[in-house]
Each structure stands twice: as C-alpha cells, then as structure tokens.
There are 2 protein chains.
Amino acid sequence: MKEILINYMKRFSELSEPELEKVAADVPVATFEKGSILLRQGEVPDKCYFVLKGCVRQFSVDESGKEITSDFYTEEQSVTVFNQHTIDKASNYSLVCLEDSVMVVGDVTVEQNLYNENPFLERMVRKMVEEDMGKMKDDFAAFISSKPEDRYKDLQKERPDLVNRVPQHQLASYLGITPESLSRIKKRHHSM
Amino acid sequence: MKEILINYMKRFSELSEPELEKVAADVPVATFEKGSILLRQGEVPDKCYFVLKGCVRQFSVDESGKEITSDFYTEEQSVTVFNQHTIDKASNYSLVCLEDSVMVVGDVTVEQNLYNENPFLERMVRKMVEEDMGKMKDDFAAFISSKPEDRYKDLQKERPDLVNRVPQHQLASYLGITPESLSRIKKRHHSM
C-alpha cells in the first residue's frame, strides 16, 4: 500500500524512485478501526496522518453544543491540524475514523529534528502544504459564492466517492445545510 | 516600514534580529497606486507579495460573468496564489489594490534558487504557509456553519478595520450575501 505514498511524494520531490522507496520504507504505517478517535477538540495534536485507505472526519462542537463537520479526508490526503496561530496550541477539531483506515503516522513533536536531518523532507512538506492551501482557497472561494445545490454538484464532481461514503447528516453539515435540504437536493439531482 | 516585515519574520525564524534585518534590507519593496492590477485571472503568477501597508482584493469572475470577492489582504498578510494543483498553472483569481499599497515583492520564478541558497528562508515560508493554512481552515469551518449575520459579527471581531475599509458590495460578496442583506445586518447590528 506504500506505493500510494511513493506516488504522492513523487509529485513533490526531486528524489529518485529508489530513494523515495527508502523513505517510505522507514515511515510508520498503522491500522485504525472504524470509530477510532485520532484527536479530541481541545487537545494539543502530536501526530499527523496521511490516508492510504479509509476516511477521517474532522468536526467540532460549537458553544451551543452543535456538531459541525468541516472536512473529510480520504485516500492520498494528509490530515494535519495546523494550530500555531492558536494561543494554547489546542486543536479546534476532533478527528475520527469513519471507516477502518490505514494511515501513515507522523510525530509532529520530532518534526523539526526530521527536517534538520533530511532537508528534502521539509521541502516536500512545504510543497504539499502549498498545494493543499491552493485547493482550500479554491474550495473556500467556491463555497462563498455557491448555493447549497451547487455545492452538492461540485462535491459530486470533485469527490464522487464521498457522497455515498459518509453518513448523510454529516455530509449535510459539511455542505452547511440541513439533512432535509440535502435529501431534497439529492432527489432533485438524481431525478434529472 | 520594514520593521513590520522583521517583526513578522521573527515569529517564524530562529535567526537573530540583526540577521533578519539583513534579510529585510535585501528584500525589494514597491509602492502600488490604488487600482493597480497585480494579477489577472488566467495569468500564470510570477510574483508574490507581503502587505506592509494597504489592501489587496482577490476576486474571480464566474461563468455567468458574476464577480466574486474571495479575500482581502491587509497589513502583515502575504498574498500568494498557490496554483500547483491547477492543470495550466493559471490563476483562478485577479488581484487588485483597493488602496495605495506598499508591499514586499517576491519573484516566484527564482523562489527555488533562493531556498537553495538560504535554507532558513524555506523553513520560514513553510511555517508561514502552515499558519495561514491553519487560519484558513478555521475560517472555512466557521463559514460553513454560520449564518450571514454571524459571519459579519465574526469579521467585525477578527478584522474590525476591514468592515469600513472596503466597498460594501465587495464586502457583501466576500460574506456570500447580497449588498441589501449586508445593509440590513449592519443596521440591526449597530442599533443594538
């Protein structure tokens, strides 16, 4: 399964395939059962992940007790909580596995040492984060200007697997709508 | 004005203040008149910016010809279009100065050379992008679950200067609402 990681790294690194294979061989991979909690809102994250197989949901509970799903991470996505801008470095999100998942696990407490020993890793990570940032900018800009129905269509186009892979009330939350609205939109959309 | 840059860099670098001053002294700063177009949607960006003074609007025109404002950059924010995930590397956005602006100008075509010569720069940029990414995740998560009125309140809390600094129809676009809705929300909010 590490070929997923190698293919991904290839896009961000000038290292040769054998060199990347060596990097991948040293990387710890772990299996998580459906329902595993990777991080709780309020905790200071000490791990980051890269999904080889499975699905992780990011959510938070607001002051009124309402649960808001703000992201789903699936194959070939990195799961990192960037918390350096927060005062207490605590995570604003919880992370939970929606499926049995296989993931690369990184230890963020030794991140800086790793980069000192392997500068190519820091370069790779910079490029990965910049790509994620570019995608998120686009998603955000699209979300601002779109109606719920368009958001559903966009999601079905961009991430067709997701629509049937996650609980519908969580998908509705992610789209910023009620489960009833999502149900109506799906009916309209699939009868067209 | 470069002390703004030095103070900002200090948060992301282990270099000493005199060392950072040396870096800042080498950095090109330019002045742009209000209305200056920094980048046009569809162009491949070759510059990035850091705002020392002023305001830059990011917007795009959608297929129906509608203009959507998706960000405003003000003092101590970097203005970078991350386009590595797009097929043709073209920008999805235009960038225009809303005010006379003073900005650090970076040349992204020589970025990699700069990093090769100064590895501390790459580290600093990685940390800056990660912080921006963390903030954007929070903003996006908040946007998903909030009503327009809450978005206005959040913006007034987080970036109080912005509310009166930019044209109201562009602010409305950025909040995902009509100018009429924004006007109603402001009236309600300020009469409370």
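Where a number appears in this text, it was derived from the coordinates with a stated rule and is not lab data. Just so it is clear, the structure is predicted and the values come from calculations on it, not from any experiment. Note: ideal-geometry Cβ built from the backbone for every residue, glycine included; neighbour counts use all protein chains shown.
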Exercise. Per residue of A:67-73, what is the mean number of Cβ atoms on other protein chains within 10 angstrom of that residue's Cβ?
Worked result: 3
Seminar exercise, completed: In debye to the nearest 20, the charge dipole size for chain B, taken about the Cα centre with +1 at each Lys and Arg Cβ and -1 at each Asp and Glu Cβ, equals 880
Problem set entry | Along each principal axis, Cα extent of the protein assembly as shown, largest first, Å | 55, 54, 40
Problem set entry | Dipole magnitude (debye, nearest 20) for the protein assembly as shown, charges at Cβ of Lys, Arg, Asp, Glu | 1620
Exercise. B:Pro148: net charge of surrounding residues, Cβ under 14 Å, Lys/Arg +1, Asp/Glu -1, itself excluded?
Worked result: +4
Exercise. Put a point 7 Å out from Cα along the line to Cβ at A:Glu75; what are the distances to that point in the other copies, in nm, shortest first?
Worked result: 5.0
Exercise. Any idea what the A:Ser16 label distances to the other copies are, label 7 Å down the Cα→Cβ vector, nm, shortest first?
Worked result: 4.2
Exercise. Which distance in nm do the two modelled labels at B:Glu75 and B:Asp26 give, with both placed 7 Å along the Cα-to-Cβ direction?
Worked result: 2.8
For this session: Under a cut-off of 20 Å between alpha-carbon atoms, report the aspartates and glutamates in cross-link reach of A:Lys66, not counting same-chain residues fewer than 8 places apart.
Result: A:Glu43, A:Glu180, B:Asp138, B:Asp139, B:Glu149, B:Asp150, B:Asp154
Exercise. How many partner chain Cβ atoms sit within 10 Å of a residue's Cβ in peptide B:85-97, on average, as a whole number?
Worked result: 2
Exercise. When the Kirkwood radius is taken over all Cα pairs of the range A:2-119, what Stokes-Einstein diffusion coefficient follows at 4 °C and 1.567 mPa s, in µm²/s?
Worked result: 84
Exercise. Between A:Pro148 and the same site in the other copies, what are the distances in nm, shortest first, taking label points 7 Å from Cα along the C-beta direction?
Worked result: 1.6
Seminar exercise, completed: Only helices counted: for chain B, with every DSSP H run of 4 or more residues adding -39500 (n - 2.57) and the sum spread over all residues, [θ] at 222 nm is -14500 deg cm²/dmol
Exercise. Tell me, what is a quarter of the convex hull surface for the C-alpha atoms of the range A:7-48, in nm² with one decimal?
Worked result: 4.5
